[in-house]
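Novice: Handing you a structure now.
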Amino acid sequence: MFDPVALNGLKLRNKIVLSPFIEYQAGSNGMVSEQIVHYYRTLAQEGVGLIIIESAYVTQQGKAHTSQLGINTERHMEGLTRLIGAIHDEGASVALRLAHSGARTSESIIREQPVGPSIINFGKDFTVSREFDEGDVEEIILFFVHAAERAEEAGADLIEINGSQLFLLDQCLSNRYNNRFDEYGGGIEQRMRLGEKIIKAIKSRVSPELPLSYLFSIHDKLEEGFSEIDLKAMIRVLSNAKVDIFHPVSVHVLNKFFEKEETLSEWVRKFTKKPLIAEGNIKSPQILKETIALNKVQLFALDRVLFSRPNWYGFLEKKFRPIL
C-alpha cells in the first residue's frame, strides 16, 4: 500500500489515488486557475501516489459546464503544464481525465445543438441532442486524439478516458440513451464502438510508454438488464483496444453485483489480468482494509476523505502499515 509501485510504465510512490470530486473550478474559457493549482498542490502534499485531474473537455462541443477545465486548444497548454508541474513538485504522479459531455450539456454553453448516440433530453437545464453521424464520429475521435497529445506534452503520467458520469461514452453504453441499431448501437460491441475507436486512435498517436486508463460504471445500467455477460464483452472490447488500466466505479466499493457475493472489482478481475483501480466510497481504513483483502486491485481511489480529513493519509500509514 505505501511502497512504490510500477504498473504498465506508470511509476507511483504508493498505491493511493486521489479521485476528483470537486470539479468546475476553471475560468469560463477552460483555463487553469490559481484555485485549481492550489487545490491540487495541497492534496499532493498529503502524500498520495497518483492524482487524477478533473475531466477536461476535448472540444467545445463536449463542454459540460461553463467552468469546466479545457484541453481543446493550445491556449490551455501553459496552464495545464504549470498545474501538472506543481503536482510533480510535491512528489505525486498525474493522470489527466479526458471527456466529452455528449448530450449532457446545453446550447447556451457550447453554442450549438449537443450530439449524442440518440436524441436525448436530460431535462430543462439541457438542450435536446441530435444523433451523431459518421462525420461527427470522425471529428470526436480526432478531438480525443489531439487532447491526448496535449496531455502528453503537458507532462501527464497517465491518460484516463471518461466512460462514466453520463457523458458521451457512458450514454453510448446505456440502453436507455442509445436506441440506435447501426454499428454504434444494439449489442455491447456496437455500443462500445465509439470508445473502442477513440482508444485505438489515441494509442496509435501517443507514446507507447504513456498508459491509458478507462473509467466506467455499470450500477445505473443494472435495471436495464446489464449482466455479467455484458461486462465480460465490455472488458474484452476495451482490452483488445489496448486499455492498460481499468477504473471501475461503484456506489460502494464492497457492494455485490449480479446477485452474487462478488464486488465489481472481483467481477472485472475475472475478465482481465490488467491493473485495476478500486473506487466507491472508501472513507475509512476499515473499508480500505477489506478492499485490500479481496486481493484483486492494484490501486485504491479515495476522494472526499483526503480533503475533509487533513493528514488522513499520514494517520493511515502510521496506524495500519504493519497490518496492510
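Novice: Please name all residue pairs, on different chains or six or more residues apart, with Cβ atoms under 6 Å, provided the first residue is in segment 76-104 and is without any contact (Cβ under 8 Å) to a residue 60 or more places away in the chain and the second residue is assigned to a strand (DSSP E or B).
Specialist: Partner pairs satisfying both residue conditions: Ile87/Ile51; Ile87/Val94.
Novice: Which number in (1) surrounded by fewer than 24 Cβ atoms within 10 Å (Cβ to Cβ); (2) in a helix (DSSP H, G or I); (3) at pLDDT 95 or above marks the one condition that Leu43 misses?
Specialist: So Leu43 meets the others, but not (3).
Novice: Quick check on this structure: which one of Ile159, Ile141 is outside any loop (DSSP other than H, G, I, E, B), surrounded by fewer than 24 Cβ atoms within 10 Å (Cβ to Cβ) and touching a residue at least 12 places away in the same chain (Cβ under 8 Å)?
Specialist: Answer to the check: Ile141.
Novice: Still on this structure: Return the residue satisfying two criteria in turn: it lies in segment 46-76 and is of a type in the set (D, E, K, R) and part of a loop (DSSP other than H, G, I, E, B), and of such residues it is nearest to Gly163 (Cα to Cα).
Specialist: Lys63
Novice: Which of the residues spanning segment 257-285 are assigned to a loop (DSSP other than H, G, I, E, B), of a type in the set (Val, Ile, Thr) and surrounded by 19 or more Cβ atoms within 10 Å (Cβ to Cβ)? Lay out the reasoning, then the answer.
Specialist: Keep residues of segment 257-285 that are assigned to a loop (DSSP other than H, G, I, E, B), which gives 257-262, 272-275, 280-284.
After this cut, where a residue has to be of a type in the set (Val, Ile, Thr) as well, the list is 272, 282.
Across segment 257-285, the qualifying residue is only Ile282.
Novice: So, one more: Would you say Ile87 is surrounded by 16 or more Cβ atoms within 10 Å (Cβ to Cβ), in a helix (DSSP H, G or I), within 19 Å of the chain's Cα centre (by Cα) and modelled with pLDDT of 95 or more?
Specialist: When the stated conditions are applied, Ile87 passes them.
Novice: Suppose we filter segment 207-225 for residues that are in a loop (DSSP other than H, G, I, E, B) and either over 18 Å from the mean Cα position of the chain (by Cα) or without any contact (Cβ under 8 Å) to a residue 40 or more places away in the chain (or both); how many remain?
Specialist: 4
Novice: For Leu98, work out the one condition from (1) surrounded by fewer than 21 Cβ atoms within 10 Å (Cβ to Cβ); (2) within 20 Å of the chain's Cα centre (by Cα) it doesn't fulfil.
Specialist: The failed condition is (1).
So that you can scan it fast, the table gives a plain yes or no per residue for (1) at pLDDT below 95; (2) of a type in the set (Val, Ile, Thr); (3) closer than 19 Å to Val17 by Cβ:
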| position | (1), (2), (3) |
| --- | --- |
| Arg205 | no, no, no |
| Phe246 | no, no, yes |
| Trp267 | no, no, no |
| Thr272 | no, yes, yes |
| Leu276 | no, no, yes |
| Asn281 | yes, no, yes |
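Novice: If you go through segment 18-53, how many residues are under 17 Å from the mean Cα position of the chain (by Cα), in contact (Cβ under 8 Å) with a residue 60 or more places away in the chain and over 20 Å from Glu209 (Cα atoms)?
Specialist: Residues that pass the stated criteria total 5.
Per-residue answers, yes or no, for (1) under 23 Å from Asn175 (Cα atoms); (2) surrounded by fewer than 22 Cβ atoms within 10 Å (Cβ to Cβ); (3) at pLDDT 95 or above; (4) aliphatic (A, V, I, L, M):
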| residue | (1), (2), (3), (4) |
| --- | --- |
| Asn240 | yes, yes, yes, no |
| Gln298 | no, yes, yes, no |
| Val305 | no, yes, no, yes |
| Glu317 | no, yes, no, no |
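Novice: Looking at Leu288, Leu254, which one is over 27 Å from Leu194 (Cβ atoms), part of a loop (DSSP other than H, G, I, E, B) and either modelled with pLDDT of 95 or more or among the aliphatic types (A, V, I, L, M) (or both)?
Specialist: Exactly one residue qualifies, and that residue is Leu254.
The values are calculated or read from the model by the stated rules, or taken from the named source; none is laboratory data. The model shown is predicted, which means the values in this text are computed figures rather than measured ones. No Cβ is skipped: glycine too gets one built from the backbone with ideal geometry, and neighbour counts run over all protein chains shown.
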